[in-house]
Structure formats: structure tokens, C-alpha cells
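Reading through the C-alpha cells given below for one structure.
The values are calculated or read from the model by the stated rules, or taken from the named source; none is laboratory data. Worth saying up front: this structure is predicted, and the values here are computed from it rather than measured. Please note: Cβ atoms are built from the backbone with ideal geometry, for glycine as well, and neighbour counts cover all protein chains shown. All accessible areas refer to the heavy atoms of the entire protein, side chains included, with ligands and DNA or RNA removed. Shrake-Rupley method; radii C 1.70, N 1.55, O 1.52, S 1.80 Å.
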Amino acid sequence: MRLRNFLYSGVAMAFLFLSACQSPKNESATMLIYGGTIYTVDTNQPLIEAVAIKDNIILFAGSLAEAEKFKTDQTQLINLEGKTMTPGLIEGHGHFMGLGYNELNLDLMHTTSYQEIVAAVAEKVKTAAPGEWITGRGWHQNKWKEMPADMVNGFQTHDMLSAVSPDNPVYLRHASGHAGFANAKAMEIAGVTVMSKEGINKFEVEGGEVMRDAMGRPTGIFNERAEYLITKHIPESTPEKDIKAFELAVAACHRNGITGFHDAGIGRETIALYKEMKTLDKMKIRLYGMLTGWDKELLSEWYEKGPVIDPDNLLTLRSVKLNCDGALGSRGAWLLEPYTDRPGHFGHETLPMEFVKETALNGLQKGFQICSHAIGDRANREILDRYEAAFTALPDLAVDHRFRIEHAQHLHPDDIPRFAELGVIPAMQAIHMSSDRPWAIDRLGEQRIKEGAYMWQSLLQSGIPIVNGTDVPVEPMNPVASFYASVSRKTLKGSPDGGYEPAEKMTREQALRSYTLDAAYGAFEEDIKGSITVGKLADFTIFNQDLMKVAEKDLLNTKVVMTIFDGKVVYEE
Ligand SMILES: [Zn+2]
């Protein structure tokens, strides 16, 4: 791992050397950007007047007068006309194909009642072929204005849904991505209809739950690994659909000013698709893929083969994703003390902790970064323990490991300083605080929320960078909303005054870094992206207003108006 980093630095240094030694007259820019406010996220010169680019590399960053020396008749001129530019934003934790499929599937993200979900499905039934699966995602019962009369463990039951779609199986994933909601037809196909005692036991799933009412009837809710009982019956997507979803995801990134994307958990088929997309020149995004830890055969293959660091900087695969607990909304997050609103329930781990240690050791030996999903304080502690044991066992290989914990939402106060001590990077999606904090306090109670939830400033102060993001499609990919959440700690409706636990707010500089240079660091890529620095890749995001200066109440009016990827304009409003 150290050798590879050194090579990266070497490349960046070579560019620096070239541009320092060659006379400007010999270098001509393919693009010159000027006329606005340009934040570089480079501490040597935080604000500049102009950037000159040659092909896909930054040739010069500084004053306009000097930048113009690189101009020729061929140079494309981009006048920002007073707008604001930053380095291209990096989504630090998302699900790329989930984003694409979200654009293809029934989008329930904005539904505010069970009735609305049922209506959306009823509409879809009209055009669906007989027996065709209806799939969707994004519903969340905590966003509902009113609750249906029949609720089991805080969730709706399937009867209303089943009534509007008697012949089409329906499966609707929860916004958290950790549970799903099936109708009677889907459960019939899966064979989950038996009410006998024996039948019930048949569907006990380790690391998951088939929710049932007092009579033992399944309610339609499938938690964590129990989801597979249903999802294994949903027909695989077609290659044409995959390509369409991929293209929609790329377009969504460009629309949101996203030029780099950390894809948190991909399997064999997705890797094959990405390779094909790259060959077909459709990879207009820099993907940093994490191999899914569910597939042990896939991991063995990659340990054998070793990491792939793409010389074209489009598709790099050098990390492994482990899913270690569930989400807070479905009470799957693994806690040290019971849930405040479900006594005796601690949530659960979704894989054996011994496997985290084994994977951490393999990662160090084979050159892979490990990224473990952990929401609850117990899961976070257990993972830090396993990482630490691996670092101690293999100290020479652990010098620059950059292991991550994805989400790191709820931490025991004792564990907060351990991230910096161990060099473990927290990848935290600020928008989750904004969406979840109003109800998360029901799950955790006041003390745990105040001492250990969404501890951004404490972590940053302790000396570890944070990788930001949205976990799209769990949340919309909008980086402006996540930036606003980072600096305000408010809901998107602007409450409460002063923000939740205001001492944990990020500054705007920290928030911008968490979306650029610090996100690049979380992928060993700070030498090639994340700041507007000579020799780095020419990826930029342009906004309609100065998001570093406008009043907080106006921040959410910030819009991405242009995205430049690999030295080319790929989106313009
Ligand atoms: Zn995720």
C-alpha cells in the first residue's frame, strides 16, 4: 500500500516539476476558467482568480494575469460571471446502482402516509403485466403525518397494500435500506404464509426478523437478512435495464456536482457492468468501489488478484465493505444498552465479529482497505476492537491502512478518541443527522444523543478527517443539503433554532473539505483530487452563489449550475 501511495505522489510531483520548469509559452491550456470566486481547498492559496487546464489536468492555479499566459486561440474560455467554483465534489458513501435503479423504480422517498404508498402501487398495478413484480424504495414511517390503525412494532401491516395488488407481487424497501415491505402475493411466492407454530419457526432467520402480529401472521415487514426470503424471488434485472440505470446514475451525479463516488458494496455483476461501461467510454464519473463482504468467494478471488488502482482514475477497487449492524430506524443498530423505546432490545450484529478481524488481517496482508458499516455504539466499539487487534498483529502493514467505519453514527464517549488514535476514518453522512435526529432521540434517549450521536466536531478536533456523503439512495444525493446539515445541524425545514447539539457543527471550511480533500483522503486519492492544485485532475463544481459566505438561511437555495469532469463540461443548467 505504501509503495502505491508513493507512486501516486510521484505522478503528482512529476506534473509539478513539468509545469515549474517549462516556460509557460510552451504549455497551452485547453480550458481557462475565471471571473468568479474559486475556492481551492488548498491551504497554500485558498482563493484564486483563475485555473488553466490542459486536457484533464490542472496546469495552473492562481492569478488571472498569469493564467492568461497559457491561453491560445484553441483555449475554451469559461467565464464564471461571479459564480462560485470548488473542487469537484465527492460522494463519500453511496450506492451507485441503487441511485440508478431508484430513478427506474417507484420512488417513495417523498410519501407522507401509508395511504400514499398504497395509491402509488395501485397506480403502477394499472400498467404492470400480470404477475410482474412491482418494486420501489424510500418509504419511512417516521415521515408519515398520520399512522394507520393497525401497527405492529411501530410498522404498518400489509392488508391495505395486498388489497390493491392481489396478483402482482410487491416489495418496497425502507428508506434505510435495512428492511422491506411485502404484499400477500410476494409472501405467497416466497412461501411465507404458514401460520402454524412449525411454519413460523421455519422462517426464523439469523441476523434478521420476519415481523409477525400477535397471532403469528407475517405483517409484511422483513428486517435485515430476512429480506432475502423475498428478494431472492425478484427476477434479476436485464442487461438493458442495468445500462439504463447506470447512465441515469451518472447523469444524476453530474446534476448534483458529483465527480467522484465511493460505491459502498458492489458484487461480481456490478463490477463486470462497470468494466463494460468504462470500455464503452460511459464512465463519466470516478468510481471508488468497495467489494461486498457478503460474497466470500469474491473476496478470496480479489485477495489473490490484489487491488486494482486504475491508471485512468475512473474505476478503482481496493477496499472491502462489511455490513456489521442494521439501522436505527428499524432498531437493527447494535447498541451497548437497550433501545429507549423498546426495552430489552439491543439490535444485533449482522455478521460474526470474528469475520471483521479476519477480513482486517486479510486486508492488511493483501493491500485492501476495510470499510465497515456501523451505526450503533456497540457495533462501532466491536469494530474498533477488531481493527486494533489486526493493527497490533501486523504493525508494519498497518502504517497507512486508512480503514474506515461507515456511518459511525452513535459512539460511546470512550470510543470517540480511538478513531484518531487508530487512524480509523469515520465516513459520516451529515444529512442523516438532519433527517433522523428528530426521532433518533426516541431510540437512544437524551443522554446518549448528547454524548455520542453525530459527533463531527469532536472527531475532527481529535485529529481525524471525516468523509461526508448522503448514502444515496437512502437519502437524495444533494450535496448542498448535506453541506447545510453539516454546518447548521438543523432539519431541512430549519429547526431547531441554533441547531441540535451545536458544539458538534462543522465549519464551512471543514464541511467543504469533507466533500473534497478529506473524501479523497478516505480513498488514498488526495494526491490526485480533492483540491484545485497544479497536477491534479480537472474536476470542478460551479454554484450559483457563494456557499461559503451566504447567510445560513439562504444556503439551501444554492444550486449546482455547472459540472466539469475530466476537463470537460458535462452538465450545465
Ligand atoms: Zn450505505
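Simple spin-label estimate for Trp439 and Val569 gives 4.3 nm between the two label positions (7 Å along the Cα-to-Cβ direction from each Cα). The slack in the chain from Val550 to Asp159, taken as 0.36 nm per residue of separation less the alpha-carbon distance, amounts to 135.9 nm.
Couplings 3J(HN,Hα) of segment 132-140, computed from phi: 5, 6, 10, 10, x, 6, x, 6, 8 Hz, in residue order, whole Hz [Karplus 6.51 cos²θ - 1.76 cosθ + 1.60, θ = phi - 60°; x for Gly and Pro].
Can you tell me how segment 335-468 classifies by the Cα gyration tensor, rounded, prolate or oblate, using a/c under 1.5 as the rounded cut? Kindly include the intermediate steps, with their values, before the conclusion.
Details: a/c = 2.27, a/b = 1.58, b/c = 1.44.
Prolate shape, in that a/c is at least 1.5 and a/b is the bigger ratio.
Here the Karplus relation 6.51 cos²θ - 1.76 cosθ + 1.60, evaluated at θ = phi - 60°, turns the backbone of segment 28-44 into coupling constants of 10, 7, 7, 8, 10, 10, 7, x, x, 8, 10, 8, 8, 6, 10, 5, 5 Hz, with x for every Gly and Pro.
In this structure, the amide hydrogen of Ile57, modeled 1.01 Å from its nitrogen in the peptide plane, lies closer than 5 angstrom to those of Ala538, counting only residues at least 5 positions away or on a different chain.
Taking every DSSP beta bridge that has both residues in the chain, what percent is antiparallel when rounded to the nearest 5?
Numbers: 40 of 82 bridges.
Antiparallel bridges make up about 50 percent of those DSSP assigns within the chain.
With all protein chains in place and a 1.4 Å probe, the accessible surface of the chain carries 52 percent carbon and sulfur.
May I ask for log10 I(q)/I(0) of the chain at q = 0.05, 0.06, 0.09, 0.13 Å⁻¹, from a Debye sum over the Cα atoms as equal point scatterers with solvent left out? Calculated log10 I(q)/I(0) at the listed q: -0.21, -0.31, -0.69, -1.41.
A 1.4 Å probe run over the chain, with the rest of the protein chains in place, finds 40 Å² accessible per residue. Helix 479-488 and the longest principal axis of the C-alpha atoms of the chain enclose an angle of approximately 90°.
Electrostatic tally near Gln74: other residues with Cβ closer than 13 Å to its Cβ, Lys and Arg +1, Asp and Glu -1, net -1.
Using a simple spin-label model with pseudo-atoms 7 Å out from Cα toward Cβ, Lys143 and Glu68 lie 5.0 nm apart.
Is any residue of segment 100-117 close enough, with backbone N under 17 Å, to a label point placed 7 angstrom from the Cα of Lys282 along the Cα-Cβ axis, and if so, which? Zone members listed by number: 100-105. Taken over segment 190-331, the ratio of Cα radius of gyration to 2.2 N^0.38 Å equals 1.32. On full extension, the segment bounded by Lys493 and Glu354 gains 45.8 nm, given 0.36 nm per residue less the C-alpha separation. By the scheme Lys and Arg +1, Asp and Glu -1, what is the net charge of all other residues having a beta-carbon under 11 Å from that of Lys357? Residues close to Lys357 contribute a combined charge of -4. Across segment 507-573, Cα-Cα pairs farther apart than 14 Å form 65% of the total.
With +1 on each Lys and Arg Cβ and -1 on each Asp and Glu Cβ, how big is the dipole of segment 333-388 about its Cα centre, in debye rounded to the nearest 20? Display every interim value, and only then the final one.
On the way: 6 positive and 9 negative charges, 33 e Å.
That gives a dipole near 160 debye.
Considering only Gly154, Pro239, Val170, and ranking their Cα positions along the charge dipole of segment 139-275 that arises from unit charges at the beta-carbon of Lys, Arg, Asp and Glu, the one farthest toward the positive end is Pro239.
Phe346 exposes around 80 Å² of accessible area when a 1.4 Å probe is run over every protein chain in place. Using the Cβ-Cβ distance between Glu301 and His110 with R0 set to 45 Å, the FRET efficiency works out to roughly 0.65. Close amide H partners of Ile48, meaning residues 5 or more places away or on another chain with modelled amide H under 5 Å apart, are Ile38, Thr40.
Using only the Cα atoms of segment 250-361, build the gyration tensor, take square roots of its eigenvalues as a ≥ b ≥ c, and label the shape rounded, prolate or oblate: rounded if a/c is under 1.5, else prolate if a/b is larger than b/c, else oblate. Could you put the intermediate results ahead of the total?
Values: a/c = 3.25, a/b = 1.65, b/c = 1.97.
In terms of gyration-tensor shape, oblate.
Please compute the length gained on full extension between Ala119 and Leu422, using 0.36 nm multiplied by the number of residues separating them and subtracting their Cα-Cα distance.
Values: separation 303, 0.36 × 303 = 109.08 nm, distance 5.00 nm.
Length gained, Ala119 through Leu422: 104.1 nm.
Working note: Karplus 6.51/-1.76/1.60 with θ = phi - 60° gives segment 370-386 the couplings 10, 10, 10, 6, 8, 9, x, 5, 5, 4, 4, 5, 4, 5, 4, 4, 5 Hz, where Gly and Pro are set to x.
Based on Cβ point charges of +1 for Lys and Arg and -1 for Asp and Glu, what charge dipole magnitude is obtained for the chain about its Cα centre, in debye rounded to the nearest 20?
On the way: 59 positive and 77 negative charges, 78 e Å.
That gives a dipole near 380 debye.
With the highest mean first, a sort of the peptides 528-535, 112-119 on other beta-carbon atoms found within 10 angstrom per residue produces 528-535, 112-119. Taken over segment 121-196, the percentage of Cα pairs per 10 Å bin, counting from 0 up to the bin with the maximum distance, is 18, 50, 29, 3. Would you mind checking segment 287-322 for residues with the amide N under 18 Å from a putative spin-label position 7 Å along Cα→C-beta of Glu236? Under cut-off, by backbone N: 292, 294-299. Straight-distance candidates among the lysines for linking to Lys536, with alpha-carbon spacing under 18 Å and chain neighbours fewer than 8 residues away dropped: Lys54, Lys284, Lys568. Computed from the C-beta positions of Thr127 and Glu27 and an R0 of 45 Å, the FRET efficiency is 0.20 to the nearest 0.05. Between the amide H of Gly332 and those of Ala327, distances stay under 5 Å, these residues lying 5 or more places away or on another chain, with hydrogens modeled in the peptide plane.
Would you mind classifying segment 399-482 by shape? Square roots of the alpha carbon gyration tensor eigenvalues, ordered a ≥ b ≥ c; an a/c under 1.5 is rounded, otherwise it is prolate if a/b is larger than b/c and oblate if not. Let's see the in-between values first.
Numbers: a/c = 2.29, a/b = 1.19, b/c = 1.92.
Oblate, since a/c reaches 1.5 and b/c is not below a/b.
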